[in-house]
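Before any comments, here is the structure.
A short reminder: the numbers here are calculations on the coordinates, not readings from a lab. Keep in mind the model is a prediction, meaning the values are calculated, not measured. Positions of Cβ are generated from backbone atoms using ideal geometry, with glycine treated the same way; all protein chains shown enter the neighbour counts.
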Amino acid sequence: MGLKPSPYGCTRMQLLAEERIRGDMTQPGNPFYFDQIRLNLPGDPSYDPRLPKISKVDSRGGTIAGDFATYVDDLRPVGSTQRHCLAVSRRIGTVLCFLGVQDALRKRSAPSLRAGAWAGSVIHTDQDAVSVSVTQEKWERAREYLVDIRSILDSGGVFDFKTLEKQRGFLVYVTRTYPALVPFLKGIHLTMDNWRGNRDPEGWKLMGELAAHQSTPAVSYANHPATVSAVPRLKGDIDNLLFLFDAPHPPRRVIRSTRLIAVFYGYGDASGQGFGSTFTDPQGLEYTYGIWGDDLVGCSSNFRELYNLTESLSDKVSKLKFPHLHQLVESLERQVTLQPESEIYLFTDNAVAEGAFFRGTSSNKLLFQLIVRLKHLELHQGVQLHMIHVSGRRMQAQGTDSLSRGDLATGVMRNQDMLSFIPLHLSAAERSPQLLTWCQSWLPASLTLLPLSPNTWFTLGHGHGPQGELVDGLWAPVTVAAISYAYLWTPPPAVADVAVEQLAYSRHKRPEIVHIFICPRLMTHRWRKRLFKLSDLVFNVPAGCRDGTWPASMFEPLVVGLILPFLSAPPWLRRNTPPILDLAGQLRGVCSSPQGHFRDLLCQLW
């Protein structure tokens, strides 16, 4: 409305309205009622990939609780049955009308397992699976763009810059639903940036000494040319995309299915002279090791690490003896279904490999080719792959590091359980109970530590306070009692993204409350970026720190985020203010100082 804080205020009021809609979710008559948070996490021996990793459950019928999702100003109700979904929808409409918020009931559609397009994708929950796709119109439009690009390639390969930019933007939008297609857009990206300086004949950015000897200055986007010429790899990428878009109807990408799929865990590591990998197997442990040939000895360590992971995974997938549920192209009368038949968690001590795979691209030509191979495996072999970075010391204790050096008597090679090296289902507080005492030791006397469990993330974690009460259906925690608590979030790494999301909602609604977030540095590609945006201060506590709260046997450091109350005047947030930046620098120096302690510096913060 012309005021600087109006977007924040509008969103805050919307979140408070959503809280009013949900009401007291512990009351059995509430359509949002649940009495159990069910965790189903990788690393746990009972992990079942057919179930969601975290869900609110009504134990009376064993069904998932009612809920709704919000996209801008549009609410999508969710229920376990048609009757349940109608009850949720009625609750949303009546409370919004009571609050004076417009809600046109005539726009509501009937409950359906095929509810149509929403938030950029078409979501289906029929055929015993949760799947996503795009609309027929978007599918055909994307195919038209690809055909247009292919025809220009056949006629000389000179593209109008703005037209190609528009087509690329739409194809990127489609990859939100089909992320496996991301690597095949690289040819378009290289073509559009080929006019910039420091590029080789194939459009790749020059690195290292080659870039230093390149005299062509960098050029800003504002000075882009009217036309650009195709790079060599564009033809192959477009042919691959046209093959994938050959189906007459958009394929359904299965997110989760009730069909039984196999779960495997593996480690891969590469040393200077050799390589090794270990995988779980129904018959026991499967392992591979060897030494590098002359053609790879001179390659970078990042390349050797990712190359070993790619080769190990290809070899593992080729040995799987499951029926091919994943069909890339079927008959024209049937819709294509992208159904994974196995789920593989692959661990590496190389952070570059994890980051490149998660992004689906890399500025390094050799690494990018390996990423394309991994994405091909996901598409054509029905593999749902998770690549996770772990500490090098964990790799050594697990035994794969020694295996790459020819030692067959360490870790899992001595019959230790593979799952003992995969703590994705354990929180920091479960692994080290001393953390609670440590946190309380550097909090002021006016703040009492309030540990949160997954059962309280969706209620107590939103600022209700241990003594919170409902007033006209809305939690009223803005009291001295509620503000006197510091809410401690210690989620398992496998669902840390859910905890960060709930923490963001809580902070946005009630910025006067203190939050502390602590999680081991595992699966950080799912949650660390959002945590940095949310927190005023983020620092790492290394394993074996001098405070004694996180011993060396934990391997990975702890990621700690502090979310402090808002200021009452600009800049409103303490993040990036000189005192916080100075403290962040001091915390980074604690490890190198013999007298340094996290506790002393954090006490000074308060």
Which aspartates and glutamates have a Cα lying under 14 Å from the Cα of Lys533, excluding residues fewer than 8 positions away in the same chain? Asp497, Glu501
For the stretch 428-605, the Rg and Dmax computed from alpha carbons only, in angstrom: 15.9, 55
By average C-beta atoms within 10 angstrom, highest first, the peptides 539-552, 51-64: 539-552, 51-64
What is the distance, in nm, between label points placed 7 Å from the Cα along the Cα-to-Cβ direction at Ile291 and at Gln102? 7.5
Do you know the relative contact order of the chain, to the nearest whole percent, from alpha carbon pairs under 8 angstrom that are 6+ apart? 11
Relative contact order of the stretch 428-605 (C-alpha contacts under 8 Å, at least 6 apart) in percent is 20
Can you tell me which of 424-433, 399-408 comes out highest on packing, and rank the rest after it, using the mean Cβ neighbours within 10 Å? 399-408, 424-433
Taking K and R as +1 and D and E as -1, what net charge do the other residues with C-beta under 14 Å from the C-beta of Tyr265 add up to? -3
Projected area, mean over directions - the chain, Cα convex hull, nm²: 32.1
Based on other C-beta atoms within 10 Å, arrange Phe566, Phe421 from fewest to most. Phe566, Phe421
Over 24 Å between alpha carbons, listed pairs Lys56/Lys107; Lys205/Lys316; Lys166/Lys235; Lys56/Lys509: Lys56/Lys107; Lys205/Lys316
Efficiency of FRET between Ser80 and Glu137 - r from beta-carbon atoms, R0 25 angstrom, step 0.05: 0.20
For the stretch 6-122, what mean projected area does the convex hull of the alpha carbons give, in nm²? 9.2
Starting from the 7 Å offset along Cα-to-Cβ, what nm value, one decimal, do you get for the label separation of Arg259 and Gln396? 4.4
Taking other Cβ within 10 Å of each residue's Cβ, how do Leu15, Leu573 sort, fewest first? Leu573, Leu15
